[in-house]
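Here is the structure we will look at.
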Amino acid sequence: MGMVDGAWWPRSWEPVAEFPAMIAGIEWRLGRAARIAFNADAWAEAPRRLVVDGQPVELEGFRSLDEHTVLVSGHGWHRMVLLVIPPETSERAAAAALERAADPGNTEQATQILFRSGADSGFAEVTVPVARTGAGAARPR
């Protein structure tokens, strides 16, 4: 099994609006959700508890969690790690990320799946300057 158990493409970063549909989509596999852990910096503010279909679900925001995943815990130690495809991702890139995450042989981390699927709009590109030698080399000041 890969680093994620599945993927999810929400329409916004609003937990109250998005989590109930996500829960309904995985209930067949997880059972009733009891707790959702998410990155507090990536998502909008959320209450500590959400009632979904008459059942309470604890919501916990952590700054230390990968911003591209949510952890959903059910009863009886069942849990799922879901890749969160950013809402602003293009349809083509989201489809590629969903397919990649669904591959049982995939061992990539969430960020790698998104990057390799083309859903990398939120990632900063790092340019490393190449040292120059010879007459055209810049001198330190």
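Derivation of every value follows stated rules applied to the coordinates shown; laboratory data play no part. This is a predicted model, so every value here is computed, not measured. Please note: Cβ atoms are built from the backbone with ideal geometry, for glycine as well, and neighbour counts cover all protein chains shown.
Taking residues in the stretch 1-28 that are more than 16 Å from GLY74 (Cβ to Cβ), and partners anywhere that are among the aromatic types (Phe, Trp, Tyr), the pairs with Cβ atoms closer than 6 Å and at least 6 places apart or on different chains are TRP13/TRP43; PRO15/TRP43.
Among the residues making up the stretch 1-57, those that are surrounded by fewer than 16 Cβ atoms within 10 Å (Cβ to Cβ), over 25 Å from GLN112 (Cβ atoms) and not charged (D, E, K, R) are VAL16, ALA17, ALA21, ALA24, TRP28, GLY31, ALA44, PRO47, VAL51, GLY54, GLN55, PRO56. Would the stretch 45-56 turn up any residue that is in contact with a strand residue (DSSP E or B) (Cβ under 8 Å, 6 or more places away or on another chain), more than 20 Å from ALA101 (Cα to Cα) and among the small types (Gly, Ala, Ser)? Within the stretch 45-56, one or more residues are in contact with a strand residue (DSSP E or B) (Cβ under 8 Å, 6 or more places away or on another chain), more than 20 Å from ALA101 (Cα to Cα) and among the small types (Gly, Ala, Ser).
Within the bounds of the stretch 84-93, is there any residue that is within 20 Å of ALA24 (Cβ to Cβ), part of a strand (DSSP E or B) and touching a His at 6+ places or on another chain (Cβ under 6 Å)?
Initial filter on the stretch 84-93 (within 20 Å of ALA24 (Cβ to Cβ)): 84-85, 87.
Remaining after also requiring part of a strand (DSSP E or B): 84.
Pick out the ones that are also touching a His at 6+ places or on another chain (Cβ under 6 Å) and you get 84.
Scanning the stretch 84-93 turns up at least one residue that is within 20 Å of ALA24 (Cβ to Cβ), part of a strand (DSSP E or B) and touching a His at 6+ places or on another chain (Cβ under 6 Å).
Within the stretch 20-43, which residues are of a type in the set (Val, Ile, Thr) and within 9 Å of GLY61 (Cα to Cα)?
Correct list: ILE36 only.
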